[in-house]
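What follows is one structure encoded as structure tokens, with my remarks underneath.
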Amino acid sequence: MSAPASTPRGAWSGRELEVTLDRLAHGGAAVGRVDGRVVFVRGALPGERVRALVVDDRKAAFCHADVVEIVEASPYRIDPACPAAAAGAGCCDLSFVSLPHLRDLKTEVLTDTLARVGRLPDVEASVRSLIGPDDPGAAWRVRARLSVDGQGYPGFHRHHGAQIVAEPCIALHPAMYATVRDQRYQPGSDVIVVRDTEAQVHVVEIPEESAPRRGHSRATAQRNRARSGRKTSHLVAGSATATFQVGRRRWEIPSTGFWQAHERAPQVYSDTIAELVAAHRPLSGGSTVWDLYGGAGVFTAGLLDAAAAGGVELGQMHIVDTDSTALDAAQTTLDDLRVHVHRGSAQAVVDGLPTPDVVVLDPPRSGAGREVVEAVADADPAIIVHIGCDVAAFARDLGLFADRGYRVVELRGFDAFPRTHHVEAIAALVPASG
Ligand SMILES: C[S@@+](CC[C@H](N)C(=O)[O-])C[C@H]1O[C@@H](n2cnc3c(N)ncnc32)[C@H](O)[C@@H]1O
């Protein structure tokens, strides 16, 4: 198909293009060009030639398309490993790629995004498994939020669609499905399923909220709520709290509360943070630590225990989070007079904290943003450890830190969401002048 680069928006909608893909983009689509125009193709891999249907053509410079036929397949293409994704669910969007190759592609995406978004072309990064060479890329998820279809079965949403796919997702442990499938749920509700360190499965049903879900009108949402007669979340199986162990410590977390999705993530991230600090600005007696977006304080515990193991007595540790239930769990588990918890947004709280030596930040997907980055840099810590689960927001934050005089000394990427396009990354930054 041929069209000039000045093709009006929408002109390619519904058309089939034949395109060769040359790289993976942040977000999981492969990128190619047709007549000078960028095409993002979902379901394709770099090196492949495919026929693809244009599904979104609202921008002048690029359009989005879905694969309809593989003309020349990549040697790294495999049969989709995830039954739900094979049936169209948006869960494991890259389950048709061999796991080691997908990690290489994620390394390229991370490096490229650091250069383009963060203006950090010289930072080296590689994405590694959280488990090791035998990582099966299966049953890694300890926590998932499913949606309930019209027949009362839970599943994942079709990619960009309202329809729910009830096939099992490879990321969930079979015991999670066995428990969650034991019940029928109210159509339109969501179901949270958690498998904790003691292999207990907890299931909580959350009725459709006043804001209707994708594909439902406000009237449908109201009808579903009225039919169920339930307006608040309720426990379906297990208990209201889940038990998680990291190192020698245990946490009691509300079954609907935040916990890292990958079973190995809390331990690996906690160890990584302690290792990065030890390698680049070792802790000394009396050091003050900020753990921003700290949740239940897993990273504070890791630093506290690593310091104690090295015979170092830390000073004050400040955990900041908006979630009071997570902070309650932090206080119960840490039970140490040097640990202070602060409920509120990082933006609002940091100005009132004592000067830090170490700052750890683990913001949600949207990243920390300029205001928090500037407040942290102004506090002049010897080392900052920044954790991000969205490479674009993460790269933007690192770029903002660079503008304020901090340079990345080490960066590690983790395949914390195997068979998806998602990546987790942890960077250590120190003052450029030092
Ligand atoms: C990615 S989680 C990290 C939690 C914790 N570090 C862990 O690993 O368990 C992000 C955390 O940020 C909290 N949060 C979201 N927005 C926030 C804000 N503006 N200020 C402080 N905390 C916030 C959430 O409640 C959540 O606990």
Subject >> Whichever residue in the stretch 237-271 is β-branched (Val, Ile, Thr) and either away from the ligand (no atom under 13 Å from the Cβ) or touching a strand residue (DSSP E or B) at 6+ places or on another chain (Cβ under 8 Å) (or both) and, among such residues, is farthest from residue 176 (Cα to Cα) >> reply: 268
Subject >> Pairs where the first residue, in the stretch 253-268, is under 17 Å from residue 327 (Cβ atoms) and in contact (Cβ under 8 Å) with a residue 12 or more places away in the chain and the second is more than 8 Å from the ligand (Cβ to nearest atom) and of a type in the set (D, E, K, R), C-beta under 6 Å, 6+ apart >> reply: 259/143
Original post:
Inside the stretch 28-59, can you point out the residues that are at pLDDT 95 or above and part of a loop (DSSP other than H, G, I, E, B)?
Top reply: 28, 29, 43, 44, 45, 46, 47, 48
Original post:
Among (1) more than 20 Å from residue 127 (Cα to Cα); (2) surrounded by fewer than 23 Cβ atoms within 10 Å (Cβ to Cβ); (3) away from the ligand (no atom under 12 Å from the Cβ), which single condition is residue 356 missing?
Top reply: (2)
**OP:** Determine, yes or no, whether residue 393 is within 16 Å of the ligand (Cβ to nearest atom) and in contact with a Gly (Cβ under 6 Å, 6 or more places away or on another chain).
**Re:** yes
**OP:** For residue 52, state whether it is among the aliphatic types (A, V, I, L, M), surrounded by fewer than 18 Cβ atoms within 10 Å (Cβ to Cβ), in the same structural domain as residue 40 (by TED's automatic domain parsing) and out of contact with any Ser or Thr (no Cβ under 7 Å at 6 or more places or on another chain).
**Re:** no
Original post:
How do the pairs read when you match residues in the stretch 342-368 that are free of Cβ contacts under 8 Å to residues at least 24 places away in the same chain with residues anywhere that are more than 8 Å from the ligand (Cβ to nearest atom), using Cβ under 7 Å and keeping only pairs 6 or more apart or on different chains?
Top reply: 343/324; 343/327
**OP:** Could you grab me the full set of residues in the stretch 281-323 that are in a helix (DSSP H, G or I), away from the ligand (no atom under 15 Å from the Cβ) and buried (at least 19 other Cβ atoms within 10 Å of the Cβ)?
**Re:** 306, 307
**OP:** Out of the residues in the stretch 167-179 that are over 20 Å from the mean Cα position of the chain (by Cα) and touching a residue at least 40 places away in the same chain (Cβ under 8 Å), state the one that is surrounded by the fewest Cβ atoms within 10 Å (Cβ to Cβ).
**Re:** 167
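The values are calculated or read from the model by the stated rules, or taken from the named source; none is laboratory data. Everything quoted here is computed from the prediction, not taken from an experiment. Using ideal geometry, Cβ is built from the backbone for each residue, glycine included, and neighbour counts are taken over all protein chains shown.
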